[in-house]
Amino acid sequence: MISFCLTRSNARVSRGWERGAGTVWVVVLMGVVWFLAGVAVVAGGVRVTRHRAQAAADLSALAAARHALAEPEAACGVARDLAHANGATVRNCVLHDGTVDVTVAVHLNVPWPGPHTLTATARAGPV
């Protein structure tokens, strides 16, 4: 039977140049994790704003199309009011033969690149 006896002198090999290297790696890894988490939060915010812009465009186009045949002069005004209620501004509203094309813009403040404007377009009319 072979037995091993570990004493304090041979159980721990001291390498002076490696002392504290684990701490540095953990700090670097945590920095990378925090950076990726920040990127994910910003990307999520951009995606939500994009969906909000498209929803505002869709609703504005539907509201304008409802008024397009009965009161064409008020159709784009209704679209502007509804877009404003959804946090967007109408950039373009075109009424042609009962069909309405609406383009809206939503402003977004992103921390790293700065403020951006996201646009969305929707078309609605009689079926």
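What follows is calculated from the coordinates using simple rules that are stated; it is not laboratory data. Treat the numbers as computed from the prediction; the structure is a model and nothing was measured. Cβ atoms come from the backbone with ideal geometry, glycine included; neighbour counts cover every protein chain shown.
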- Roughly how many debye, to the nearest 20, is the charge dipole of the stretch 23-124 about its Cα centre, given +1 on each Lys and Arg Cβ, -1 on each Asp and Glu Cβ, and no other charges? 360 debye
- Just going by the charge dipole of the stretch 23-124, with Lys and Arg at +1 and Asp and Glu at -1 on Cβ, which of V26, H96, A124 is farthest out on the positive end? V26
- Message: Between 0 and 90 degrees, rounded to the nearest ten: what's the tilt of helix 21-68 against the longest Cα principal axis of the chain?
- Response: 10 degrees
- Provide, in order from the shortest bin, the percent of all Cα-Cα pairs of the chain in each 5 Å bin, continuing until the bin that contains the maximum pair distance. 2, 11, 14, 11, 9, 7, 6, 5, 5, 4, 4, 4, 3, 3, 3, 3, 3, 2, 1, 0, 0
